[in-house]
Every structure is written in C-alpha cells, then in structure tokens.
1. Yes or no: residue A:125 surrounded by fewer than 22 Cβ atoms within 10 Å (Cβ to Cβ) and within 14 Å of chain B (Cβ to nearest Cβ)?
2. Residue A:151 fails exactly one of the following numbered conditions: (1) touching a helix residue (DSSP H, G or I) at 6+ places or on another chain (Cβ under 6 Å); (2) crowded, with 22+ Cβ neighbours inside 10 Å. What is the number of that condition?
3. Name every residue in region A:1-27 that is at pLDDT below 70 and within 7 Å of chain B (Cβ to nearest Cβ), in order of residue number.
4. Scan region B:74-83 for residues that are surrounded by fewer than 17 Cβ atoms within 10 Å (Cβ to Cβ) and aliphatic (A, V, I, L, M) and jot them down.
5. Output the number of the condition that residue A:73 fails; it satisfies all remaining conditions of (1) more than 23 Å from residue A:179 (Cβ to Cβ); (2) at pLDDT below 90; (3) surrounded by fewer than 19 Cβ atoms within 10 Å (Cβ to Cβ).
6. Quick check on my filter: what residues within region A:28-70 are surrounded by fewer than 19 Cβ atoms within 10 Å (Cβ to Cβ), assigned to a loop (DSSP other than H, G, I, E, B), acidic (Asp, Glu) and at pLDDT 70 or above?
Amino acid sequence: MRRFYLLLGALVIVGGALLYVAGKSKGGSSSAVTDVPPANDGFKGYTLGSDSAPIEVVEYVDYECPICALFATVQFPTIREQLIATGKVRWRIRDYPLRISAHPNSRYAALAAECAGEQGKFWPMADSLFLHHDWAMTGKDVSGLFRGFAQGTGVDLATYDACVQSRRYAGRIAASYQEGEQLGVNGTPTFFVNGRPYPGRSTSDGFKGYVDSLLAHRTTRR
Amino acid sequence: MRHRQVIAVLALAGLFVALYLYFYKIGVYGELKCGSGGCETVQASPYAMLLGQPVALYGVLGYAALLAVSLLGLHPRWAAQRWPTLLLAVMATLGFAFTAYLTSLEMLVIHAWCRWCLGSAVIITLIWFVALPAALSSRRLRTGS
C-alpha cells in the first residue's frame, strides 16, 4: 500500500511539473503585434452585401470588446437577414482595436481576421472570433486558439502563419484606427450610416427602423 | 482493492490530461503540443463547449471524482465496502459513454483528431474496463454468499 501512495505522489509531482513547463513554454506571442507596423495599403474594410445597396453601414469594431461580440452574435444575424440579404444595406467592417490594457489581444485578433480575409475567409473568421469570445476574458496568449479558428474556416495555415508572423496587415489596422479617431470614434462598436454617425440603438430593430426611414425618405424625395 | 488502486492511478493521469486541455481552453497556454493542428481545430469547434463551460472542465471534474472515490475506497474505513466499487463502475460508464460521444463527434462532425482527447478516451476506457468487471464480480460474490 505504501508503494502505491509513493507512486501516486510521484505521478502528482511529474504531472504538475509537466503542466507547469507547458505553461512556461508558450507558442508565438500575440504581444508581438505592438511595434511599428508595415505601411498602410489603403484598404477600407471588408464588406458584406450588394455593391449597389443604397445604404452603407460602417462598423468600427474591436474583436475583444464584449459589446461588439454581443452585437455580432445576437443582433447581426437578423440584420444580415433583414437588411443585407435583401439588398438594402452594405455592411463594412473597420478595425478599431482599443488601446487599453484590458484588451491586450485586440490588435492580434484584428490581424488574424485580416490574414483570414486575405484568403477570402474574413467573415467566417470574424464570426469565430466573436462566437468563441471566452478568449477575451483571459488576457492570455491566444495565438494557438486563433490559428485553430483560422483552420476551421478552411484557410491554408502556412499562408496564414506567414501573414500573422510578418504582421502583413498591421499598417492597415493602424490606418483604420487613425481614420476612426478622426471621425470621432471613441468606443466600440461605433456605426456610421452613409457617412453619418448612427443615432439609433445598436439593435436589429433599431437599424431596421432607421434604414427603412432613410429608404422611405429617398422614395418621397423622388 | 487492487482495482481501486489502478483506477486511482489512471484517474490521476486523466486529470492531468483534462487539466492541460482546460488550461489551454481558458487561455493559460498559447498553443497545444499536439503535433498537428487537430487539437486546436477540435478545441475551437462549438462542441468544445457544453452548457457554457469548456468540455475539458467536465473531464477535470469527472476524473477528480473518480480519483476521490477510488482513494476513499482504499481507506481502511471503506475498504471492505461495496459502494465505492459500484460507484466507480457507474461513474466510469457515464464517463465512457460521454467520451464515446465526443470521439464520434471528432470522427463524424469535426473531421479532426485531438491527440490529447484521444489520450483521455483511452484512459477512461481503461478505467471502464477495470471498474465494470470489478463491480460485476463484487455483485456475484455477494449473490454467492
């Protein structure tokens, strides 16, 4: 019996040590996305919806922001169905990774989304980042988790890795942030409808009412 | 008695595997040492969460319970009792069924294999193989006596 407890104790020590070592030797750190970024390429954000839609909504987003995640998972599916799929609205996403200590992975998440977008998987990647938002509550290294999200969207992982490691779109993200600042964005999500700040509530009903009123106004003027 | 010792050792090994996956899921570890991207694909899938909690957490709780019951069953006070053996068999069966469900998801739905999850599946299967015959033989002994 004594030998059994010795074996159990040895197992506890070995297992605990392995868990500790695994925690120490992390993979690529997400904090690498903080230096001077590559140049801006003039990109104005990914869009969803018809190019000929009469109304464009621009959303400034921070992937680590819980309200953005709530909006994306609860309200946006209805907006997609009622306003975007019907050709009334074109939705444009701009990056606005908040520079606050509570959001250490914002820029890394934006970079991951842009790198998936490079392979035509921006929206599935953005959906994954918001849907599995528990990563935002830990503040820990999320590079492996995001890589898994990217793999789930079907991107080529080697290309994704090269993109993230070289911070290919960091300049794009920084430029989007600066443009947001110039427009008066100071939190997320912030919306602009046809270039003007959206005055309504951040709900699908709010957007539907506002868009319908704009469309009715356009029809009346004609 | 021997079967309770074996289950305790296996449950402890399973507990470490489940803890590793749980710590990864909550962001303590940056990436899983997996050898392929399969672990991250599985962990990033919607099936890695159940009732708002990471599935790995249920593994941690399950293995911890198996460990606790097997150690209690080794205590002189309860060593001669049947209930730890029966309880271990019930818990192992539930754990085995849940693991079989998760493994089928990996194979049929997610189409990716997580080696750590498979490791845990092997451990719970071994526990089940030890716990079930022990429970059945203890029942037979009792019927015979």
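1. On the way: surrounded by fewer than 22 Cβ atoms within 10 Å (Cβ to Cβ): no; within 14 Å of chain B (Cβ to nearest Cβ): yes.
For residue A:125, the condition - surrounded by fewer than 22 Cβ atoms within 10 Å (Cβ to Cβ) and within 14 Å of chain B (Cβ to nearest Cβ) - is not met.
2. Status for residue A:151: all satisfied but (2).
3. Keep residues of region A:1-27 that are at pLDDT below 70, which gives A:23-27.
A:23, A:26, A:27, listed by residue number.
4. As a first pass, look at region B:74-83 and keep what is surrounded by fewer than 17 Cβ atoms within 10 Å (Cβ to Cβ): B:75-83.
Selection gives B:79, B:80.
5. Among (1) more than 23 Å from residue A:179 (Cβ to Cβ); (2) at pLDDT below 90; (3) surrounded by fewer than 19 Cβ atoms within 10 Å (Cβ to Cβ), the lone unmet condition for residue A:73 is (2).
6. Of everything in region A:28-70, those that are surrounded by fewer than 19 Cβ atoms within 10 Å (Cβ to Cβ), assigned to a loop (DSSP other than H, G, I, E, B), acidic (Asp, Glu) and at pLDDT 70 or above turn out to be A:41, A:51.
Okay, residues lined up against (1) within 11 Å of chain B (Cβ to nearest Cβ); (2) touching a residue at least 12 places away in the same chain (Cβ under 8 Å):
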| position | (1), (2) |
| --- | --- |
| A:63 | no, yes |
| A:71 | no, yes |
| A:78 | no, yes |
| A:90 | no, yes |
| A:120 | no, no |
| A:143 | yes, yes |
| A:171 | no, yes |
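The rows are residues; the columns are (1) surrounded by fewer than 22 Cβ atoms within 10 Å (Cβ to Cβ); (2) within 11 Å of chain A (Cβ to nearest Cβ); (3) without any contact (Cβ under 8 Å) to a residue 40 or more places away in the chain; (4) of a type in the set (D, E, K, R).
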{"position": "B:42", "(1), (2), (3), (4)": "no, yes, no, no"}
{"position": "B:72", "(1), (2), (3), (4)": "yes, no, yes, no"}
{"position": "B:105", "(1), (2), (3), (4)": "yes, no, no, no"}
{"position": "B:117", "(1), (2), (3), (4)": "no, no, no, no"}
{"position": "B:123", "(1), (2), (3), (4)": "no, no, no, no"}
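The values are calculated or read from the model by the stated rules, or taken from the named source; none is laboratory data. Quantities reported herein were computed from a predicted structural model and do not represent experimental measurements. FYI the Cβ positions are ideal-geometry reconstructions off the backbone, even for glycines, and counts take in every protein chain you see.
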